[in-house]
Amino acid sequence: MTVHLRQIALVAERLEPVLQDFEAVFGLARCFIDPGVAVFGLENTLLPVGRNFFEVVAPVKPDTAAGRYLERRSGNGGYMVITQTPTLEVLEAVRARAANSGVRVAWESARRGWTLIQLHPGDLKTTFLDVEWDENGDLAGPWPPAGGTGWEDKVRQDLVIDFTGV
């Protein structure tokens, strides 16, 4: 069963200082802002790392899951590991394995050509684990959380080529 690490999400009290650090230290460029995270009381920005992404989220409303996590952590840190599967069947196998292990799905979404599940961090005793599938099935191609395409010209590999784990 192939599950590919595609995106690492960090949570910060304030978005801009962390983005400036990523740009200055790692030479990364901003590529996408997802307005869809507003439903969770967040703002975000993605930065490509090769064909993968760092995402930084920050709460913009009180009493968000991210805000509570920041309080428990006493500061900025890792928030979500986002993976991609080559097929919808692999995603459903992950869901079944999680259910058999007593791990709840904290949130899920199924849209035309794109499905995701987020496994509950309380059950995992770690951050959110997000498992996604999109109809392209290309583990290095278009990525819906980064707007699909249009980010490729923002890839800078002067200092950082890729990440291999989290």
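The rows are residues; the columns are (1) in a strand (DSSP E or B); (2) of a type in the set (Gly, Ala, Ser).
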site: Leu46; (1), (2): yes, no
site: Ala58; (1), (2): yes, yes
site: Lys61; (1), (2): no, no
site: Tyr79; (1), (2): yes, no
site: Ala99; (1), (2): no, yes
site: Val103; (1), (2): no, no
site: Ala106; (1), (2): yes, yes
site: Leu129; (1), (2): yes, no
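Let's see how each residue does on (1) farther than 24 Å from Ile161 by Cβ; (2) outside any strand (DSSP E or B); (3) of a type in the set (A, V, I, L, M):
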residue: Leu5; (1), (2), (3): no, no, yes
residue: Ile8; (1), (2), (3): no, no, yes
residue: Leu19; (1), (2), (3): no, yes, yes
residue: Ala66; (1), (2), (3): yes, yes, yes
residue: Ile82; (1), (2), (3): no, no, yes
residue: Ala96; (1), (2), (3): yes, yes, yes
residue: Thr115; (1), (2), (3): yes, no, no
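Residues in segment 89-103 that are loosely packed, with under 15 Cβ neighbours inside 10 Å and not hydroxyl-bearing (Ser, Thr, Tyr) were compared, and the one that is nearest to Gly141 (Cα to Cα) is Glu89.
May I ask you to list the residues in segment 68-85 that are of a type outside the set (Val, Ile, Thr), within 29 Å of Thr115 (Cα to Cα) and either touching a residue at least 40 places away in the same chain (Cβ under 8 Å) or crowded, with 18+ Cβ neighbours inside 10 Å (or both)? Scanning segment 68-85 gives Tyr69, Leu70, Asn76, Gly77, Gly78, Tyr79, Met80, Gln84.
For segment 120-166, a residue qualifies if it is touching a helix residue (DSSP H, G or I) at 6+ places or on another chain (Cβ under 6 Å) and either within 25 Å of Glu89 (Cα to Cα) or surrounded by 15 or more Cβ atoms within 10 Å (Cβ to Cβ) (or both), and the qualifying residues are Thr127, Phe128, Val131, Trp133, Asp134, Val160. Surrounded by fewer than 19 Cβ atoms within 10 Å (Cβ to Cβ), hydroxyl-bearing (Ser, Thr, Tyr) and in contact with a strand residue (DSSP E or B) (Cβ under 6 Å, 6 or more places away or on another chain): does that describe Ser109? So Ser109 passes the test. Each residue in segment 30-67 was checked for being at negative phi, small (Gly, Ala, Ser) and surrounded by 14 or more Cβ atoms within 10 Å (Cβ to Cβ), and 4 of them qualify.
Read the figures in this text as sums done on the coordinates, not as results from a lab. All values reported here derive from a predicted model rather than from experimental measurement. Note that we place each Cβ from the backbone using ideal geometry, even for glycine, and neighbour counts take in every protein chain shown.
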